[in-house]
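> Dumping the structure here so I can ask a few things about it.
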Amino acid sequence: MLICASCSQTASDHEPTWCCCSCGGYLTLLNDKLFPTTELSQRAATLWRYREALGIACSDNVVSLGEGFTPLLAEELGGQRVLFKADQLCPTGSFKDRGASVMISKLKEWGISRLVIDSSGNAGASVAAYAAKAGIVADVYIPSYTSGGKSAQIKMYGANLVKVPGSREDTTAAAVAAASESFYGSHNWSPFFVAGLKTLAYEICEQLAWQAPDWVVVPVGGGSLVLGVYHGLRELLTAGLITRMPRIVGVQADACSPVYQAWKNQKGEVTPVPKGPTIAEGISIANPVKGRDILSAITNSRGLLVTVNDEQIMEAIFTLSRKGIYVEPTAAAAPAAVNVLRQRGLLQPRETVVVELTGSGLKATDKFEQFLAMREQSN
Ligand SMILES: *Cc1c(COP(=O)(O)O)cnc(C)c1O
Ligand SMILES: [Zn+2]
């Protein structure tokens, strides 16, 4: 069953739907089932090992490219022990594959043959890949400023790429208008996309032998990731599989930090902010649809929000690269935030700090080329 976040109206998940038919709010999947933990070790190392919690009725409809169950890498950052959740290794190079695999499986179950999505890049690539695998036509709307690498990847998967001039928000408006002719399969709206992201929480806890970490650090753009992690942890807590809630740290870019601003000013709602340029394009969302829920997820976990600037992000990219870990700028916001937490004295040496790495450095080749050229010039 699906429930509306605004008016609590419920809807069946047997019919195609992407928003509340009463008020237009976004929907969340209510599931009362978890997976049988004793059987997990016999199941494949993909996120579908948790299939009972993902809302897909028939396993014939599962659309999988082997996503999930990424390594948890033990490292240190400025003297702090951390565990990197290596989601940059997902099939299309970003964690969005967790959401796309489950969302596209549901679209297949519903018999949808064509979808529209708007994306700043990674969600478009991910949905294009899974749509290709499922035989669904994908129309992917991206802002015209999206990096060349990301748009090439989307096209290679066979999606129809539509470049929209103007802001990220203009891209959404164009996609929603086009969706009246097909189906709006947006990562920012689909309850099944968020359901897929719960697997991040399941995996982290399973990989830690069902001991919850002390902290989970994730970047926040539209907020599906932070909500998926929170819902997943809550389910584990309710089922008694873990005994305490980790503190969730949401990371935003200085140049675009609507959720951070609302949290700092103790507001219950997120209001749009003017945004400046940042290399963290994947979290540059001025008006996140799920603002209120993001704030309560952070607060309920006794977590906090942190902002980082481009310089801190670049520094984190270099630090990680020197350890052999290659991530894109948006992903590096999370390890950059660990330095901020450490400098504020918030982390204890013995605490378990899990840092989600959301996207691969291979996504940002053009940005890194520019950056290296600039650096060589100034040397
Ligand atoms: C989409 C994305 C994010 C932000 O995820 P949200 O669910 O929108 O908060 C962070 N990092 C990367 C690499 C992304 O592609
Ligand atoms: Zn509603």
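The values are calculated or read from the model by the stated rules, or taken from the named source; none is laboratory data. Everything numeric in this text was worked out from a predicted model, so none of it was measured. Note that each Cβ is placed from the backbone with ideal geometry, even for glycine, and that neighbours are counted across all protein chains shown. Quick note on the areas: whole protein, heavy atoms, side chains included, nothing else; ligands and nucleic acids left out. Shrake-Rupley method; radii C 1.70, N 1.55, O 1.52, S 1.80 Å.
> Testing the spin-label approximation: label points 7 Å from Cα along Cα→Cβ at SER59 and LEU34. State their distance in nm.
2.1
> Toward the positive end of the charge dipole of the chain, about the Cα centre and with charges on Cβ (Lys, Arg +1; Asp, Glu -1), which of PRO288, GLY135, GLY24 goes farthest?
The Cα lying farthest towards the positive end belongs to PRO288.
> Return the equivalent ellipsoid semi-axes of region 57-181 as a descending list in whole Å, where each equals the square root of 5 times an eigenvalue of the C-alpha gyration tensor.
Values for region 57-181, descending: 27, 21, 11 Å.
> To the nearest 500 deg cm²/dmol, what mean residue ellipticity at 222 nm is calculated for the chain from DSSP H runs of n ≥ 4 alone, each contributing -39,500 (n - 2.57), summed and divided by the residues?
Calculated from helices alone, the mean residue ellipticity at 222 nm is -11500 deg cm²/dmol.
> Sorted by average packing, counted as other Cβ atoms within 10 angstrom per residue and highest first, what order do 288-299, 270-281 take?
Answer by packing, highest mean first, reads 288-299, 270-281.
> Return the sequence-ordered ³J(HN,Hα) values of region 264-273 in whole Hz as given by the Karplus equation 6.51 cos²θ - 1.76 cosθ + 1.60 applied to θ = phi - 60°, using x for Gly and Pro.
Per-residue couplings from phi come out as 4, 8, 6, 8, x, 10, 9, 10, x, 10 Hz.
> Please state the shape class of region 129-188: rounded when a/c is under 1.5, otherwise prolate if a/b exceeds b/c and oblate if not, all from the C-alpha gyration tensor.
oblate
> I'm checking a number: the convex hull volume of the Cα atoms of region 100-149, normalised per residue, in Å³. What is it?
In region 100-149, the Cα hull volume divided by residue count equals 65 Å³.
> With an 8 Å Cα cut-off and a minimum separation of 6 or more residues, compute the relative contact order for region 274-379 in percent.
Relative contact order comes out at 25 percent.
> For region 357-373, just list the computed ³J(HN,Hα) in residue order, Karplus coefficients 6.51, -1.76 and 1.60, θ = phi - 60°, integers in Hz, with x standing in for Gly and Pro.
9, 7, x, 7, x, 5, 6, 10, 3, 5, 5, 5, 4, 4, 5, 5, 4
> Size of the dipole of the chain about the Cα centre, Lys and Arg at +1 and Asp and Glu at -1 on the beta carbon, nothing else charged, in debye to 20?
So the dipole magnitude of the chain works out to roughly 440 debye.
> Calculate the all-directions average of the projected area of the chain's alpha-carbon convex hull, and give it in nm².
17.9
> How do 70-77, 200-207 rank on mean C-beta neighbours within 10 Å, highest first?
200-207, 70-77
> Moving to a separate point now. So which residue, out of GLU67, GLU39, GLU109, gets the largest mean-square fluctuation from a GNM of the chain using Cα contacts under 10 Å as springs?
GLU39
> What ³J(HN,Hα) values, in whole Hz, does the Karplus curve 6.51 cos²θ - 1.76 cosθ + 1.60 give for region 173-178 when θ = phi - 60°, with x put for Gly and Pro?
Residue by residue, region 173-178 yields 4, 5, 5, 4, 4, 5 Hz.
> When we measure straight from the Cα of LYS198, which aspartates and glutamates land under 19 angstrom away, once same-chain ones fewer than 8 places off are left out?
ASP13, ASP32, GLU39, GLU52, GLU67, ASP87, ASP97, GLU206, ASP214, GLU235, ASP293, GLU356
> Okay, moving on. In what sequence, highest mean first, do 85-94, 170-179, 213-222 appear when ranked by Cβ atoms within 10 angstrom?
Highest mean packing first, the order is 213-222, 85-94, 170-179.
> Would you work out what percent of the accessible area of region 250-379, with all protein chains in place, is carbon or sulfur (probe 1.4 Å)?
So the carbon and sulfur contribution to the accessible surface is 49 percent.
> For the chain, calculate the relative contact order in percent as a whole number, restricting contacts to Cα pairs under 8 Å that are 6 or more residues apart.
Here the relative contact order equals 16 percent.
> Find the accessible area per residue for the chain; the probe is 1.4 Å, ligands and nucleic acids are left out, and the unit is Å².
I get 40 Å² per residue for this part.
> Would you mind telling me the share, in percent, of accessible area of region 85-220 contributed by carbon and sulfur at probe 1.4 angstrom?
After summing per-atom areas, the C and S share lands at 53 percent.
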